[in-house]
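Below is one structure, written out as structure tokens; comments come after it.
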Amino acid sequence: MTAARVQLLLLALLLAGHAPNFSPPWCGMQARASWRPWHVSSRIARRSQEKPAPPDSAKGMVLQAAESVMKAYADGLSRQSVQLRLDIVCPPNRVIESGMEALLSAALPMAKAFTQALQSPAGAALRDVRISRFDDVGTTSGDVGTLLYRETEDPKEDAAVVLLGGRKFVLQDAKAFMSGMKSRLVVMLNSEDAATTFRLENRGQEMTSGGNFGKDVEVLGKFCEEFSEETYYLRLLLLSDWPVIIFRAYPHPWDVYIESLDGEVVRLMYGSRKPLAEEILQEITKYEQDNGITNADKIAKIQSM
């Protein structure tokens, strides 16, 4: 399926008020026994807490994400990436109609709540969250990268959240900014939704090889390596006409869920690293074959919503 078709199908579902229901309770959740699990890292294996489930509200998502970030920070990870579901606060049709400024406006309150929640149990008290744009004038790229700076009673415990920071931020602003932050916590929030988007697993390959004599690829690649720990990730997408949730909350493994034809939430696959789209599609194909599901069955489900 093409990216354009994914967006159109998801938009059609949202506009019709039929966004897939992935809300708890999870008593009906099924696990795919046929999936070959990835090797679990020692960092994950040593944890004994009950594994969290995807949240059913924006507030739950924000608190869950902040908790994951602070656990990782306590483990020594001062550079992290987080992906929240912005479609909860800004439907895709609004972005299409009104652009990135609309997305920023809708996402800022949630991003501020997330930044406020980045509190260590015995850490310094919060004084303020200062919000500023990296480029007040704006550019033809459409980037709206915004800094939320968490100021505390102890400057050494300040933290920064970069909302919708894209490739422009990485290439023009990141080096000096990161140097000034030293060992303080920095979180890249929803860079996958930036106008000049990039994905950490691509290691800078979104840039053309000849950009700045090849240096842009190198700069973005090093940045992706520095922020490679995606401590919280929650994303809804459509693959092969299936609503799919990709979920990870540090220090736990990654999970991929789909909603079955009868409304059950099925854990399709899990592992210690972020799954590739090709891997998810492969498991979807197996799931369809194992359950005798045809394209007509999937179309009928969408039409019945």
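None of the figures in this text is laboratory data; all of them are computed from the coordinates on show. As the structure is a prediction and not an experimental result, all values here were calculated from the model. When we count neighbours, we look across all protein chains shown, and the Cβ atoms used for this are built from the backbone with ideal geometry, even at glycine.
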Problem set entry | Residues listed by number, the stretch 265-280, amide nitrogen under 16 Å from Thr197 label point at 7 Å toward C-beta | 275-278
Exercise. Which links in Lys274/Lys298; Lys168/Lys298; Lys222/Lys286; Lys112/Lys182; Lys274/Lys301 stretch past 31 Å when you go from one Cα to the other?
Worked result: Lys168/Lys298; Lys222/Lys286
Seminar exercise, completed: Sorting Leu200, Leu171, Ser78 by the position of each Cα along the dipole of the stretch 78-228 (Lys, Arg +1; Asp, Glu -1; all at Cβ), the one nearest the positive end of that ordering is Ser78
Exercise. Where the centre of each part is set by its Cα atoms, how far does the stretch 275-305 sit from the stretch 105-174, in angstrom?
Worked result: 39
Problem set entry | Spacing of the two label points (7 Å from each Cα toward its C-beta) at Ser260 and Lys182, in nm | 5.5
Exercise. Which of the GluC sites (Glu not before Pro) across the stretch 207-287 are loop residues per DSSP, with 12 or fewer other Cβ within 10 Å?
Worked result: Glu264
Exercise. Using the Cβ atoms and a cut-off under 11 Å, what net charge is assigned to the surroundings of Met110, where Lys and Arg are +1 and Asp and Glu are -1?
Worked result: +3
Exercise. Between Asn93 and Lys215, what is the label-to-label distance in nm when each label sits 7 Å out along the Cα-to-Cβ direction?
Worked result: 4.7
Seminar exercise, completed: So, relative contact order of the stretch 53-169 in percent, Cα under 8 Å, 6 or more apart, is 20
Seminar exercise, completed: With 0.36 nm assigned to each residue of separation and the Cα-Cα distance removed, Asp75 to Ile293 gains 74.1 nm
